[in-house]
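J.: Structure below; questions to follow.
Rule-based calculations on the coordinates, nothing more; no lab input. Keep in mind it's a predicted model, so treat the numbers as computed, not measured. Positions of Cβ are generated from backbone atoms using ideal geometry, with glycine treated the same way; all protein chains shown enter the neighbour counts.
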Amino acid sequence: MNNKLKLAVAAALVAGASSANAGIMIPAGDWTLDIGGVVNAYYTSTRQSGDFKGGGGNVLGGSNESNESSESNITTGLLPNYLSVSGKTRQNDLDVGFTISVNPGASTTRAGFQGAQQENRQAFLTFGDASWGSIKLGKDLGIYASDAILNDMTLLGVGSGAGILAGNTTTLGRIGTGFMYADWKSQAAYTSPNWNGFSFTVGVTQAWDATNAGQFLAKPTNGFNSATSSGRGGSSPAFEGKASYAWTGDVAGKVWGSFISQKVEGLTGAGIIGSTSDRANAFDIGTTVNVAGFGLTAYYGDGEGTGTTLQLRDGFDSTGKARDSDDWYLQGTYVLPTTTKLGVSYGQSTLDGNSVDGFNEYQNTMWTVGAYHPITKHLNLVAEYSDVKTEIDSAEGKSKTVSLGAILFF
């Protein structure tokens, strides 16, 4: 298996809903090219209610209104559509490879407008050898929290965000309701050989700016907006790493842990004269175990200054002091004799307010039940229901989404 669609193929393997292997293999001189991808689309129906519209796992929206609304969309799920070209060769005792991908969305919300639905998530090269490991240079999935999303069953579906993210490339899945987004990052990373199931990856990634989304997270009256600072990435890059151990047998599984650390400079906000700096740090641990058709995944992450949902978002208050955050989810699945996978999961993401903040706790939780059925080797039907609740102290917003669709791997 090449690395052309690491995220998509891992999703299929984890969910057990697809047996797709490599894509279209093309010998080309010294190279072997692999063209593959993902196409998916879902009909979604979302009902929102509570103290603020757009609640429910939704740091990217919110109209500060108190009402109830519903909407239906046809959109991609958590995975974007994917077209990827990879190449590999063996030269001078080195395994050399590359991957470049394009990622179009599948939803339209404005007449005559087709823009803002294109991403380029991967563009990297690799070189190495099985005896000493490999080096990656370029843009790919981040290291911290990557196993959290790769083991999330909603990676083959929709999860949250179908209503307020209509027209975007993807939905949120369980991002922000159980784990932080690993995202797609410029990086230089080293991955060790696989030593009987154990391996590790360490790397430096592009430092990101700390940003605030307070105007989206809550009503202005709760003081969140005026107690949020922003800052820029420091002169040094971010540092990330992970280690994992996987085993096979009647009881198969994997355990992992990862971390991220980045210096943030120029932290400023309301009442600040000058600037200050701090570090944003986070770690996580997780495990997934499979036996006799049953699967169980447990995950926990803890952050200081890393914010919630998106890395470094709302991680610092107006004085430049880091806010604490944590994420966790539990997931259980079972594969029926018909090969249909049934799953249920619950997760929670929490951001704690500091003494200068106008809130004590911002929290997103989500229940998801889903069915994932392979009707061919590459094509899977998906049905999901997700119930999300956003709480900001005593204020509450809810979002319930039903989604039906299909995802194709090739």
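J.: For Asn360 and Thr109, what is the calculated FRET efficiency with R₀ set at 41 Å and r taken between the beta-carbons, to the nearest 0.05?
T.: 0.70
J.: How large is ³J(HN,Hα) for each residue in region 309-325, as worked out from phi by the Karplus curve 6.51 cos²θ - 1.76 cosθ + 1.60 (θ = phi - 60°), to whole Hz, x for Gly and Pro?
T.: Going residue by residue, I get 6, 10, 4, 6, 9, 6, x, 10, 8, 5, 9, x, 7, 5, 9, 7, 8 Hz, with x marking Gly and Pro.
J.: What nm distance separates the two modelled labels at Ile285 and Leu342, each placed 7 Å from Cα along Cα→Cβ?
T.: 3.2 nm
J.: I've got another one for you. Could you check the simple spin-label distance between Ser192 and Leu381, using points 7 Å along Cα→Cβ, in nm with one decimal?
T.: Result for the modelled spin labels: 4.5 nm.
J.: Determine, from the Cβ-Cβ distance of Asp209 and Ile135 and an R0 of 22 Å, the FRET efficiency 1/(1 + (r/R0)^6), rounded to the nearest 0.05.
T.: Efficiency for this residue pair is about 0.25.
J.: If the chain between Arg47 and Ser72 were fully stretched, how many nm would it gain, using 0.36 nm times the residue separation less the Cα-Cα distance?
T.: On the way: separation 25, 0.36 × 25 = 9.00 nm, distance 0.89 nm.
The span from Arg47 to Ser72 would gain 8.1 nm if fully extended.
J.: In addition: Once amide H atoms are placed 1.01 Å from N in the peptide plane, what residues at a sequence separation of 5 or more from Asn212, or on another chain, have their amide H within under 5 Å of its amide H?
T.: Close amide H contacts, sequence-distant or interchain: Asp314.
J.: Can you compute 3J(HN,Hα) from phi for each residue in region 390-404, using the Karplus curve 6.51 cos²θ - 1.76 cosθ + 1.60 with θ = phi - 60°, rounded to whole Hz and x for Gly and Pro?
T.: After applying 6.51 cos²θ - 1.76 cosθ + 1.60, I find 10, 10, 10, 6, 8, 7, 8, x, 10, 8, 10, 10, 10, 9, 9 Hz.
J.: Using a 7 Å offset from the Cα along the Cα-to-Cβ direction at both Ile24 and Leu94, what is the distance between the two label points in nm, to one decimal?
T.: Label at Ile24, label at Leu94, 3.0 nm between them.
J.: Show me, for region 195-210, the HN-Hα J-couplings you get by feeding each phi into the Karplus relation (A = 6.51, B = -1.76, C = 1.60, θ = phi - 60°), rounded to Hz, glycine and proline as x.
T.: Karplus-based 3J(HN,Hα) across region 195-210 equals 9, 6, x, 9, 8, 9, 9, 10, x, 10, 10, 4, 5, 10, 6, 7 Hz.
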